[in-house]
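Here the structure comes first, spelled out in structure tokens, and everything after it is commentary.
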Amino acid sequence: MPVNRPRFVTGRILRNEGRGEIFYRIEAAIPEPLRFVPGQFAMVSGWPGNDPLLPRPLALFRSGGMRGQGKIEFVYKVVGRGTALLSGLHPGETLSITLPLGRGFDLDQAGRTYWLVGGGVGFSSVFPAAAVLSRRRNGFEMFLGARTREHLPPKQWTPGGKTPGRTHFCTEDGTAGYHGRVTDVVLERMRALSPEAVSRLTILACGPRDMLKEIAVEAMQRGITAQVALENHMACGFGVCWGCVVTLWDGDRTAYRRVCREGPVFDAKEVVW
Amino acid sequence: MPVNRPRFVTGRILRNEGRGEIFYRIEAAIPEPLRFVPGQFAMVSGWPGNDPLLPRPLALFRSGGMRGQGKIEFVYKVVGRGTALLSGLHPGETLSITLPLGRGFDLDQAGRTYWLVGGGVGFSSVFPAAAVLSRRRNGFEMFLGARTREHLPPKQWTPGGKTPGRTHFCTEDGTAGYHGRVTDVVLERMRALSPEAVSRLTILACGPRDMLKEIAVEAMQRGITAQVALENHMACGFGVCWGCVVTLWDGDRTAYRRVCREGPVFDAKEVVW
Amino acid sequence: MVTPDLSASLGGLRVKNPVLSASGTFGYGIEFTSFYDISRLGAVIVKGLSLAPTAGNPPGRIVETPAGMLNAIGLQNIGVERFIGDVVPRLEDFGATFVANIYGKTEEEYEAVARRLSEVPSLGAIEVNASCPNVREGGMAFGATPEGIAGLTARVRKCTGKPLWVKLSPNVADIAGIAKAAEGAGADAVSLINTIVGMAVNYRTRRPELSNVTGGLSGPAIKPVALRMTWEAAKAVRIPVIGIGGIQSSANALEFLLVGASAVQVGTANFRNPRACVDILEGIEAFFREEKIAKLSDYRGGLMVEKNP
Amino acid sequence: MVTPDLSASLGGLRVKNPVLSASGTFGYGIEFTSFYDISRLGAVIVKGLSLAPTAGNPPGRIVETPAGMLNAIGLQNIGVERFIGDVVPRLEDFGATFVANIYGKTEEEYEAVARRLSEVPSLGAIEVNASCPNVREGGMAFGATPEGIAGLTARVRKCTGKPLWVKLSPNVADIAGIAKAAEGAGADAVSLINTIVGMAVNYRTRRPELSNVTGGLSGPAIKPVALRMTWEAAKAVRIPVIGIGGIQSSANALEFLLVGASAVQVGTANFRNPRACVDILEGIEAFFREEKIAKLSDYRGGLMVEKNP
Ligand SMILES: Cc1cc2nc3c(=O)[nH]c(=O)nc-3n(C[C@H](O)[C@H](O)[C@H](O)COP(=O)(O)OP(=O)(O)OC[C@H]3O[C@@H](n4cnc5c(N)ncnc54)[C@H](O)[C@@H]3O)c2cc1C
Ligand SMILES: Cc1cc2nc3c(=O)[nH]c(=O)nc-3n(C[C@H](O)[C@H](O)[C@H](O)COP(=O)(O)OP(=O)(O)OC[C@H]3O[C@@H](n4cnc5c(N)ncnc54)[C@H](O)[C@@H]3O)c2cc1C
Ligand SMILES: Cc1cc2nc3c(=O)[nH]c(=O)nc-3n(C[C@H](O)[C@H](O)[C@H](O)COP(=O)(O)O)c2cc1C
Ligand SMILES: Cc1cc2nc3c(=O)[nH]c(=O)nc-3n(C[C@H](O)[C@H](O)[C@H](O)COP(=O)(O)O)c2cc1C
Ligand code: FES
Ligand code: FES
């Protein structure tokens, strides 16, 4: 899987929209355009002072620009002080960004169909995958879950109008799409698969840990390939502090692996759930 | 001297002008109108996080409003992190303010003429005195010193058009008004005073320590009454930490007195220069 | 739901709630009456008192540090006599529960101050500052070793019938041992932590920022250390432990209660927010209501730690 | 003006400049080659090495605190053999001056690791971590007393001809005494400080934030304490002192040099700014140019302190 070497750049904020909304979308100009693998992330800071001290991990949502002038986009939800400070930054102000980081989704096997599952802000790592697959005209379906319709990503953010993929929306309160948890929909669909479909399917999932767990367990039982994007608190984001480890299977023993380096995307079978 | 009891209020920023300029002027709405003595100050914070930790002392520049809706203004110069953070705040955002604090200038003796001397941002404490004296139609002259014309307060900030007082501007590079240090002008004028004038004159000064010292020493030698507004690093601003002391004469011995409580305005004769 | 019972017993002193002001950050208490009714606090702990008035250190007493501050006030105070003559009556008028923090250059001075204060009926307790880092003699010396603490505690113990709190220095290798020593020598409670010795210099002028060169570090920066030491002390002794260090919010205060503190003291937070103590008190009340916790002891020391292999 | 001479001699190891990376915050050095040429640094100090590979503590290893962070990694590392086999050749290829930080559960393990590393010609020095707060046995025990430090230092000294640095714990009452003990037992230099033991809890879940319950505090929050201890150690010993703790900028680094450090290590700052070490190096160079300071020794230890009465 191609992993371009991380760099540390200063980004000049071009837009930071979503004041008051649940999801913010921030766009920054960076020195050079960036190629990244969906699921890879960046460490982002830029607020003044040393409190909070550490940068925050955000999935790479979109990149663009041309030689000598790159652009990068993130979407984020305000859950605490760091994201609150991000949401208060204005165009023209700067971000410190280390990117691209970690191992993204493996989309490179030929002849597979994909299910992309995003819970909550998890869509931030599956949309980029959808964009890649759309460009390839590779078949996929997308399942997006949220508490309410407001917690779903704004329609206009959903990638590729002419995408070959179909998107299923689920809300726990039934205010949009299927009334229930996205997990239920995905599990139900898994159970209905033909052996042949099972063999060709790869599930990519990002979201709350228990959502990932339910999907992973079901997928393992049915022999479906699944890749999950995990989260953890991070200090460095590029593998030097060993702070972000999760427990993985290493044969019949377990080992601690870094989410920021060996992950954030892991094969569902590797994870000790 | 009337000192109204301090209170701790939340101020909603109405204006914060001067981006890029040398002096910023910030105006905030506070719950109740404020009466203050020129030379009194406030402790101001409002940036997120604990770094910097301490509020910053700023002279009370102007207050207004009516019952149930007060307004307060400060002018400040960006010299470090706290003032830089202040300068980045936007209308609608809030400040934490403790005010009014300290002992201001004594303007209450009858039949005196006043010289108001402000060096650098020191005008922030003498303008309010000028405003009071103008309202009383009490004679005064104002001496303002700065490095260059840009470092002088914007003309439109100078109080009272119909003020009976005259203002002398001095710049060290001669780009405006008298070419030289404000101290030189004031000292020269002191030396030219008649005994009778000496006895009626009170000098109020705020600015760099060495400016205050030169004026104080000359004034003492000539028996001129002078009040100086001192500065020091502060933690609390209302007399409970004993961090802001300066050395004063206590008879023939010396004692440590709090700038925030016994000051910031002291009789020039009290200060151990 | 009924209002939660936040009262606590602090080594003989019954307080209506566990929020106290930390010595040296609250003046003599009176200054705060313009912000709120100080009788609402569990107790007001006044600036450290010595036998005679003390001038303190020369200017250059405070400097800000990342999420903290250094101070080297040098215990400037009006002395025990003026405190009793001028301040005590006013604290009584305001109906405040108050505690005297005391300091001496010698053990004899500690004894004398304690004896004199014991004659004040309204005084709630005596807190012995065995740990001030900002004075050349005394202070630290006593605080650094179990023997030092035990010796000082025992001598002051003999001089007073008041609840005796011993305030511990964090500048030690084994806080549990120090706390035990204080308990063994007759302390009714221990309070910790005092400031951590630190330093700041100006790399351009090549001079120290503080006239005393070193000073005491306080504020949010030290909270993790204070919380750890409070936890260790609470496990080590049976007497009440009063947690101090970097407490800015009710959440912070609850952390100290959770690891075993019977009460907390709020210091540096008073500077940025003069109402910090009452804000914290109201926050604790609200949390207990919300979580339907009836009384302090139902929460205190409730930290759940997996048994380690 | 000619480029200032920033070289320093660190107990037998000559470094071209005084900016080193702190162990555990710089991986094995290789990770930083995508940000800059690591041969520019005075030295790269790698993650603490034990004899066998070590798994470290369960997840829940880091938590942010005001202007700092707590870590309880538990010394996860690949072990000395894989380090020598896989990492050393690459560090050599990159032309880096590198130092191994070592750790053992027993004195014997320290000896074995030191002996094995001494066989690596390109290794610049051995830094003994006598102070890791995040492992149950060893570490702290050795670091807490002068006797412990002297004993460990003397034993490792016998096992290696490499420059021997001893890294000191700040969780002690008298850092000068500890530094003297290390010097007396044959250390070529002391480096300080390691992290300060701290703790963080979640007051709602009532659980510790770290699986290890306590962890080591690092970052700007501890700088005042680190600076004070560096100053005390530098006054106490003749061997070079390497200052560590909260250094984020060239200004911070200069503060440590000013109080007597011969070099500095940059740790937590690498996380927010992977280029921190070179930024600091360039900042020091610029300052020396601007102030026309020809060499490090003209600035080092130049703190001006008024004689106190
Ligand atoms: C690889 C990766 C990619 C991510 N991508 C995105 C994204 O694209 N958009 C987005 O909105 N969020 C994303 N997150 C989560 C995001 O990093 C956290 O929400 C953020 O760090 C919270 O910081 P804060 O200061 O606002 O909250 P804090 O005050 O630090 O914490 C607030 C709450 O968030 C939790 N939290 C803090 N850090 C993390 C973390 N790293 N992972 C999970 N929970 C955390 C805390 O436990 C606490 O409950 C990602 C996380 C990882 C590890
Ligand atoms: C009673 C009083 C009234 C004041 N009124 C005003 C005012 O109306 N407008 C205004 O612009 N400034 C005023 N000042 C000065 C102002 O408080 C400082 O400039 C401010 O605190 C600097 O904070 P900072 O974080 O920006 O700078 P820091 O990063 O804290 O320091 C930057 C520089 O400013 C110096 N400094 C910091 N605090 C003070 C202080 N309290 N006094 C003097 N120097 C300091 C530092 O030594 C450093 O050199 C007043 C000070 C006092 C004591
Ligand atoms: C300016 C200042 C003065 C202090 N004076 C005293 C004192 O006189 N006696 C004492 O026991 N502690 C004193 N302390 C220590 C505090 O009571 C408290 O233990 C310490 O500041 C940690 O709490 P905090 O982080 O909430 O401030 C002082 C602290 C500060 C900041
Ligand atoms: C995540 C992390 C891991 C660390 N691991 C080690 C280690 O293995 N060996 C060691 O001697 N010090 C270790 N340290 C301590 C640092 O080397 C340094 O002494 C300390 O962090 C203070 O410096 P700082 O504030 O610049 O980070 C570690 C620190 C951190 C933050
Ligand atoms: S965050 Fe530092 S190793 Fe993963
Ligand atoms: S600033 Fe606290 S006493 Fe003056």
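General remarks:
- Once both labels are positioned 7 Å from their Cα atoms along Cα-to-Cβ, the gap between B:GLN69 and C:SER7 label points is 4.7 nm.
- Legend: helices of chain D (whole DSSP H runs) are marked when their alpha-carbon atoms reach 18 angstrom or more along the helix axis and their mean Kyte-Doolittle hydropathy is at least 0.0; marked are D:276-290.
- Cα shape, the range B:119-196, gyration tensor, a/c 1.5 rule: oblate
- Rounded D (µm²/s) - the protein assembly as shown, Kirkwood Rh over Cα pairs, Stokes-Einstein at 10 °C, 1.306 mPa s: 49 µm²/s
- Mean residue ellipticity (222 nm) of chain D, computed from DSSP H runs ≥ 4 via -39,500 (n - 2.57), nearest 500: -8500 deg cm²/dmol
- Under a Gaussian network description of chain B, with springs only between Cα atoms under 10 Å, the residue in B:GLY88, B:GLY145, B:GLY243 that fluctuates furthest is B:GLY88.
- C-alpha center-to-center spacing [the range C:219-266, the range C:49-67] in angstrom: 24 Å
- Antiparallel %, DSSP beta bridges [both residues in the protein assembly as shown], to 5: 55 percent
- Kirkwood-type hydrodynamic radius, the range C:1-156: 16.6 Å, calculated from all non-identical alpha-carbon pairs.
- Shown for C:GLY186: label points 7 Å from Cα along the beta-carbon vector, and their distances to the equivalent points in the other copies, 5.0 nm in ascending order.
- Relative contact order (%) - criterion: Cα under 8 Å, at least six apart; region: chain A: 17 percent
- Stretched out straight at 0.36 nm per residue, the stretch from B:GLN221 to B:ASP184 would grow longer than its current Cα-Cα span by 11.7 nm.
- For C:ARG90, the point set 7 Å out from Cα toward Cβ sits 6.7 nm from its twins in the other copies, listed from shortest up.
- In terms of distances greater than 23 angstrom between alpha carbons, the cross-link table entries C:LYS105/C:LYS158; C:LYS180/D:LYS235; D:LYS105/D:LYS167; B:LYS155/B:LYS269; C:LYS167/C:LYS295 yield C:LYS180/D:LYS235; B:LYS155/B:LYS269; C:LYS167/C:LYS295.
- Which of B:HIS151, B:HIS179 has the fewest Cβ neighbours within 10 Å, and the rest in rising order: B:HIS179, B:HIS151
- Cα gyration tensor shape for chain A, rounded if a/c is under 1.5, else prolate or oblate: prolate
- Residue exposure sequence - C:THR153, B:THR113 - by fewest surrounding Cβ within 10 Å: B:THR113, C:THR153
- 20 Å reach of a label modelled at C:SER118, 7 Å along Cα-to-Cβ, counting backbone N of the range C:69-99: C:80-85, C:98-99
- When the Gaussian network model of chain A links Cα atoms closer than 10 Å, the mean-square fluctuations of A:TYR76, A:TYR114, A:TYR178 top out at A:TYR178.
- Gyration tensor verdict on chain D (Cα atoms; rounded if a/c is under 1.5, prolate if a/b is larger than b/c, oblate otherwise): rounded
- Each of B:VAL37, C:VAL278 has some number of other Cβ atoms within 10 Å of its Cβ, and from fewest to most they run C:VAL278, B:VAL37.
- FRET efficiency, 1/(1 + (r/R0)^6) with R0 22 Å, evaluated for A:ARG166 and A:ALA192 via beta carbons: 0.90
- Neighbour cut-off at most 15 other Cβ (10 Å), DSSP loop, GluC sites (Glu not before Pro), the range D:268-307: D:GLU291, D:GLU306
- Distances between equivalent label points of A:ASN4 across the copies, with each point positioned 7 Å along Cα→Cβ, amount to 6.1 nm, shortest listed first.
- Axis-proximal residue, chain A, for the rotation superposing A on B (Cβ, Å): A:ASP51, 2
- Taking a quarter of the surface of the Cα convex hull of the range B:8-119 gives a mean projected area of 8.1 nm².
Values in this text are rule-based calculations from the coordinates and carry no lab data. The shown structure was predicted, so the numbers you read here are calculated from the model rather than taken from an experiment. As a convention, Cβ positions derive from the backbone with ideal geometry for all residues, glycine included, and neighbour counts pool all protein chains shown.
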